[in-house]
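Q: Take this structure first; my questions come after.
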Amino acid sequence: MRIHNIWVDDEGETHFRDIEVEWGEQGPSGRYSERLPATGIIFRQVQSDYELDWHPAPRRQYIINLDAAVEVTVSDGETRIIGAGEVFLVEDINGKGHRSRAVDGKLRHCIFVPID
């Protein structure tokens with residue numbers, strides 16, 4: 001399972017990388033990762049015309065897209081469309097940040113899971 005990750009280098013540039021979930025325990029109902037820290041859960045509805053210019057993340061958090069995609073661009077120029085059912089970890093709480101916008105004019109529901 002892949003998690004998109006936005007991170008910041010020493011010069012403040014933001015980049016994407018992929019993180020692979022490491023599976024540990026195997027049980028009759030499937031495989032599990034280790035338990036990861038989290039400090040809450042926030043539900044969000046994003047309008048179909050959403051477009052947010054350059055901004056840092058408000059906190060380190062996982063974002064889980066439930067029913068629509070979001071297009072995200074980092075300062076090194078890479079753009080990814082992160083689809084429904086995909087997870088990304090934003091860690092660019094400083095530096096140049098990222099831009100994001102709705103895809104295909106769809107309303108998006110997502111879950112934020114803060115980790116700090």
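Q: With a 1.4 Å probe and all protein chains left in place, how much of the accessible area of region 1-90 comes from carbon and sulfur atoms, in whole percent?
A: Working: 2790 of 5680 Å².
Answer for region 1-90 is 49 percent, counting heavy atoms of protein chains only.
Q: Sticking with this structure for a sec: Evaluate the Debye formula for region 9-92 with equal point scatterers sitting on the alpha carbons, no solvent, and hand back log10 of I(q)/I(0) at q = 0.15 Å⁻¹, in q order, two decimals.
A: Reported log10 I(q)/I(0), two decimals: -0.72.
Q: Shape call for region 1-49 from the C-alpha gyration tensor, a ≥ b ≥ c root eigenvalues: rounded (a/c under 1.5), prolate (a/b greater than b/c) or oblate?
A: Values: a/c = 2.27, a/b = 1.39, b/c = 1.63.
Verdict is oblate for region 1-49.
Q: Using packing as a proxy for protection, rank 35-41, 71-77, 102-108 so that the peptide with the highest average count of other Cβ atoms within 10 Å comes first.
A: Working: 35-41: 9.7, 71-77: 16.4, 102-108: 14.7.
My ranking of the peptides, most packed first, is 71-77, 102-108, 35-41.
Q: Related question: How large is ³J(HN,Hα), in whole Hz, for each residue of region 71-80 in order, when computed from phi with the Karplus curve 6.51 cos²θ - 1.76 cosθ + 1.60 and θ = phi - 60°, using x for Gly and Pro?
A: Once rounded to whole Hz, the list reads 9, 10, 10, 9, 5, 7, x, 6, 10, 10.
Q: Per residue, how much accessible area does the chain show when a 1.4 Å probe rolls over the protein heavy atoms, in square angstrom?
A: Numbers: 6960 Å² over 116 residues.
The answer is 60 Å² per residue.
The values are calculated or read from the model by the stated rules, or taken from the named source; none is laboratory data. Note that the structure is predicted; figures quoted are calculated from it, not measured. Glycine also receives a Cβ, built like all others from the backbone with ideal geometry; neighbour counts cover every protein chain displayed. The area values use the complete protein model at the heavy-atom level, side chains included, leaving out ligands, DNA and RNA. Shrake-Rupley method; radii C 1.70, N 1.55, O 1.52, S 1.80 Å.
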